[in-house]
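First comes the structure, then the notes that go with it.
Coordinate-derived values only; no laboratory data. From a predicted model like this one, the values you see are computed outputs, not experimental measurements. Cβ atoms come from the backbone with ideal geometry, glycine included; neighbour counts cover every protein chain shown.
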């Protein structure tokens, strides 16, 4: 934080972000895709204005349905993303 920045604004912005989780208790299911070396190993709750980024490796190819499940306003929500895992990504 720079000396000329207003601490009250910074704290208020931080509180606004962390007081509003978008999803909690996240679970990611990669379906039939064989994944490994995932980072982070455990996902944390994303908050308003943040991103969920998971890095890793996979074996095989195909069109897995990736499911993201979490709790939103006390109800379980599931989001499904279709992807294309190429056999030879760098070829």
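Using all C-alpha to C-alpha distances in the stretch 21-82, build P(r) with 10 Å bins and read off the rounded percent in each one.
Going from the shortest bin to the longest, the percentages are 21, 51, 25, 3.
Counting other beta carbons within 10 Å of each Cβ, put 16, 45 in order, fewest first. If you can, show how the numbers build up before the last one.
Working: 16 12, 45 15.
Lowest count first: 16, 45.
Relative contact order of the chain, please, whole-number percent, based on alpha carbon pairs below 8 angstrom and at least 6 residues apart. Could the numbers behind the result be given before it?
On the way: 135 pairs, mean separation 25.5, N = 91.
Across the chain, relative contact order equals 28 percent.
Provide 66, 7 in ascending order of the number of other Cβ atoms located within 10 Å of each residue's Cβ, fewest first.
Numbers: 66 17, 7 8.
Sorted ascending by nearby Cβ count, the order is 7, 66.
To test your reading of the geometry: what angle, between 0 and 90 degrees and rounded to tens, separates the Cα axis of helix 7-18 from the longest principal axis of the chain?
40 degrees
For the pair residue 16 and residue 53, how long in nm is the line joining their label points, each one 7 Å along Cα→Cβ?
That separation, rounded to one decimal, is 2.3 nm.
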